[in-house]
Amino acid sequence: MDDAEPLPQELAPMTDLASRRAFVQRYTALQRPPSVGEVQLWLADEVTRIWEMTEQEMQQVGLDPPFWAFAWAGGQALARYLLDHPDAVAGRSVLDLGAGSGLVAVAARLAGARSALAVDIDPFCDAAIELNAEANGVEVAHTDRDLLADDVGVLRVDADLVGVDLILAGDVSYEFGMSGRMHRWLRAADAAGVPVMLGDPGRRYLPSDGLEQVAAYDIVTTPDLEESDLRRAAVYRYARSG
Ligand SMILES: C[S@@+](CC[C@H](N)C(=O)[O-])C[C@H]1O[C@@H](n2cnc3c(N)ncnc32)[C@H](O)[C@@H]1O
């Protein structure tokens with residue numbers, strides 16, 4: 001393998017963070033999500049072009065949409081709640097699972113969280129989250145490791161989760177397999193003593209029971225993504241029995 005030819009640049013696109021940062025800034029603009037005006041994020045206005053450009057740059061088809069380029073209704077609701085109720089996060093170390101743009105992690109830091117770890121497996125999230133944290137003058141750490149591959153036995157000793165006081169998850173109930181894994185992992189974390197808060201606009205795979213609604217908001221969304229430009233989205237905790 002020592003004398004293997006290096007991959008030509010066009011076959012190894014976007015392999016460095018600087019290129020991904022440039023891509024994010026080229027195809028998005030710094031904007032305030034309509035329902036979370038305290039936060040600035042690098043966001044796209046419509047999905048098709050940036051999705052096509054992502055596939056072109058990655059030289060792959062069938063990629064997930066660039067979730068990181070939008071402030072999803074569930075994330076906006078959860079971020080809104082944290083900014084309106086800073087006691088929920090002040091002084092805590094939070095983990096934002098399915099972070100996308102990092103909206104929820106950024107809002108948590110602005111609301112006084114001691115630290116925030118944004119977790120997302122999308123290869124562009126390191127750049128998007130770094131840029132978005134910078135735009136708001138806060139620090140947000142990021143990992144692209146798939147924590148859902150771990151079980152709750154690992155949770156207690158996992159280096160990324162040691163010291164996490166609160167888990168936040170905005171808009172993670174939109175796909176059958178992923179949402180099932182997500183909620184199994186989140187429930188296990190909650191049962192193991194790390195409380196979870198969810199933000200969700202009633203996506204198809206939001207569990208129909210075992211949730212306690214904490215707040216609800218009418219969230220202004222991007223009509224290009226949703227059927228309407230206003231969605232009711234709620235903040236939930238898992239219900240505790242007994
Ligand atoms: C609809 S977006 C929500 C983004 C953000 N929380 C918000 O509300 O704006 C869902 C995110 O979950 C991420 N995701 C999917 N599977 C994941 C996994 N196994 N671990 C972490 N993130 C995951 C996707 O990449 C995507 O960015």
**Asked** Could you say whether any residue in the range 196-219 is out of contact with any Gly (no Cβ under 8 Å at 6 or more places or on another chain), away from the ligand (no atom under 14 Å from the Cβ) and under 22 Å from Leu43 (Cβ atoms)?
**Response** yes
**Message:** I'd like the full set of residues that are β-branched (Val, Ile, Thr) and in contact (Cβ under 8 Å) with a residue 60 or more places away in the chain, limited to the range 114-154.
**Reply:** Ile129
**Residues of the range 55-88 satisfying the condition of being closer than 22 Å to Asp218 by Cα and part of a loop (DSSP other than H, G, I, E, B)** = Phe70, Ala71, Trp72, His85
**Asked** Does Arg187 count as touching a residue at least 24 places away in the same chain (Cβ under 8 Å), touching a Phe, Trp or Tyr at 6+ places or on another chain (Cβ under 9 Å) and closer than 13 Å to Gly75 by Cα?
**Response** no
**Scan of the range 100-117 for residues that are assigned to a loop (DSSP other than H, G, I, E, B) and under 22 Å from Asp229 (Cα atoms), ordered by number** = Gly100, Ser101, Gly102
**Complete:** If you go through Ala105, Ala99, Ala127, the only one that is away from the ligand (no atom under 11 Å from the Cβ), under 16 Å from the mean Cα position of the chain (by Cα) and of a type outside the set (D, E, K, R) is Ala127
**Prompt:** Is there any pair linking a residue in the range 96-113 that is within 18 Å of Trp185 (Cβ to Cβ) to one that is assigned to a loop (DSSP other than H, G, I, E, B), with Cβ under 6 Å and at least six apart or on different chains, and which?
**Reply:** Gly98/Val172; Ala99/Asp120; Ala105/Ala99; Ala105/Val140
**Item:** Of the criteria (1) free of Cβ contacts under 8 Å to residues at least 40 places away in the same chain; (2) among the polar types (S, T, N, Q); (3) closer than 18 Å to Ala215 by Cα, which one Gln60 fails
**Value:** (3)
**Asked** Is at least one residue of the range 27-49 touching a residue at least 40 places away in the same chain (Cβ under 8 Å), in a loop (DSSP other than H, G, I, E, B), out of contact with any helix residue (DSSP H, G or I) (no Cβ under 7 Å at 6 or more places or on another chain) and within 14 Å of the ligand (Cβ to nearest atom)?
**Response** yes
**Request:** Evaluate the following for Met178: is it modelled with pLDDT under 95 and outside any loop (DSSP other than H, G, I, E, B)?
**Result:** yes
**Message:** Out of the residues in the range 191-237 meeting the condition of being under 14 Å from Ser173 (Cα atoms) and aromatic (Phe, Trp, Tyr), tell me which one is surrounded by the fewest Cβ atoms within 10 Å (Cβ to Cβ).
**Reply:** Tyr205
**Prompt:** Out of all the residues in the range 160-170, is one or more over 18 Å from Ala105 (Cα atoms), in contact with a helix residue (DSSP H, G or I) (Cβ under 7 Å, 6 or more places away or on another chain) and surrounded by 16 or more Cβ atoms within 10 Å (Cβ to Cβ)?
**Reply:** no
**Hits in the range 58-96 - residues which are of a type outside the set (A, V, I, L, M) and more than 10 Å from the ligand (Cβ to nearest atom)** = Gln59, Gln60, Gly62, Arg80, Tyr81, Asp84, His85, Pro86, Asp87, Gly91, Arg92, Ser93
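The values are calculated or read from the model by the stated rules, or taken from the named source; none is laboratory data. These figures come from a predicted structure and were not determined experimentally. Backbone-built Cβ (ideal geometry, glycine too); neighbour counts: all protein chains shown.
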